[in-house]
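Take a look at the structure below.
Derivation of every value follows stated rules applied to the coordinates shown; laboratory data play no part. Bear in mind the structure is a predicted one, so any value in this text is a computation, not a measurement. Cβ placement follows ideal geometry from the backbone for every residue including glycine, while neighbour counts extend to all protein chains displayed.
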Amino acid sequence: MRKPFIAGNWKMYKTVAEAVSLANGLKTALADVTTMELAVCTPATALAAVSGALAGSNIGVGAQNMYWKDEGAFTGEISPVMVKELARYVIIGHSERRQYFGETDETVNLKLKAALAHGLTPIVCIGESLEQNKAGETVPFVGAQIRGAFAGVSAAEAVNVVLAYEPIWAIGTGLTATPEDADRIIQVAIRDVLAELYDGAVAEAIRVQYGGSVKADNMADFIVMPNIDGALVGGASLKVDSFTGIVKNALAALGM
Ligand code: PGA
């Protein structure tokens with residue numbers, strides 16, 4: 001049984017003071033949630049303060065990116081060792097990083113292996129563009145992203161990975177995939193490929209979040225789908241009420 005997991009991706013929003021205020025609000029509002037894993041992925045500048053604010057709570061902390069080397073002359077980057085001091089999770093290969101900062105399946109793979117080697121829980125993002133979707137290329141494209149990300153990752157490590165299927169055209173647009181389409185793509189482009197790379201047990205063990213314009217009023221439709229184990233939430237994770245609404249509606253839909 002895969003434990004449901006909802007994570008907020010705060011992107012490049014929130015000063016340290018704003019981040020701590022949001023974290024404290026979520027800590028209070030979500031204090032009674034025990035059956036679902038929860039995390040917030042903050043800007044790197046807020047990791048230390050938010051991890052302090054959420055210490056001992058049921059909400060984990062994640063980074064939004066990292067480099068794959070432990071240390072070195074890499075100006076502006078943060079390493080897995082540094083992330084590990086402050087966070088348990090790290091988002092890898094978000095489509096905004098692929099689009100604006102040159103991330104490729106190869107760098108995603110290097111980062112994924114580094115995160116696993118350091119005991120971080122990676123949240124690896126995959127998903128197709130609108131053009132690819134319209135051209136009917138979603139399944140081969142997402143399948144190739146999975147193959148690229150997991151190259152050289154052992155089965156024992158693979159089960160610790162969380163995936164976020166985020167159609168790029170659904171991110172921040174108010175558009176979403178239909179729950180049925182998202183569920184089908186996760187089955188054929190993600191779980192079937194993982195079963196081929198590893199085996200059925202690994203494919204069934206890995207949690208897959210849906211991401212892209214998740215809100216309180218559509219969360220239930222996604223979370224009840226058999227292949228969808230939670231959500232990666234951008235815009236609606238930036239306020240206590242909207243993120244709390246997503247979590248509560250997911251719990252209600254699951255009867256938890
Ligand atoms: P959104 O972002 O919820 O604002 O669409 C999702 C994401 O980018 O992870």
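Toward the positive end of the charge dipole of the chain, with +1 on the Cβ of Lys and Arg and -1 on the Cβ of Asp and Glu, the farthest Cα among Ala17, Thr107, Ala158 is that of Ala17.
A cut-off under 14 angstrom between Cβ atoms defines the neighbours of Gly93, and their net charge, with Lys, Arg +1 and Asp, Glu -1, is -1.
For the range 129-175, the average shadow cast by the Cα convex hull is 3.9 nm², which is a quarter of the hull's surface. When the inverse distances between all different Cα atoms of the range 112-232 are averaged and flipped, the Kirkwood radius reads 14.4 angstrom. For chymotrypsin sites (Phe, Trp or Tyr not before Pro), the sites in the range 81-172 that DSSP calls loop and that have at most 10 other Cβ atoms within 10 Å are Phe101. Oblate is the label for the range 20-135. Its Cα gyration tensor axes, ordered a ≥ b ≥ c, give a/c of at least 1.5 and b/c at or above a/b.
Where q = 0.09, 0.14, 0.15 Å⁻¹, what log10 of I(q)/I(0) comes from the Debye formula for the range 5-254, counting one point per Cα? Listed by q, the Debye log ratios stand at -0.35, -0.89, -1.03. Estimated from the Cβ-Cβ distance and a Förster radius of 25 angstrom, the FRET efficiency linking Ala201 and Leu175 is about 0.15. Measuring against 21 Å, Cα to Cα, the residue pairs Lys11/Lys134; Lys215/Lys248; Lys27/Lys215 contain Lys11/Lys134 as the ones spanning a longer distance.
Note on Glu131 and Ala144: the extension gain reaches 3.0 nm, defined as 0.36 nm multiplied by sequence separation minus the Cα-Cα distance.
Take the Cα of Tyr100, step 7 Å toward its Cβ, do the same at Ala29, and the gap between the two points is 2.4 nm.
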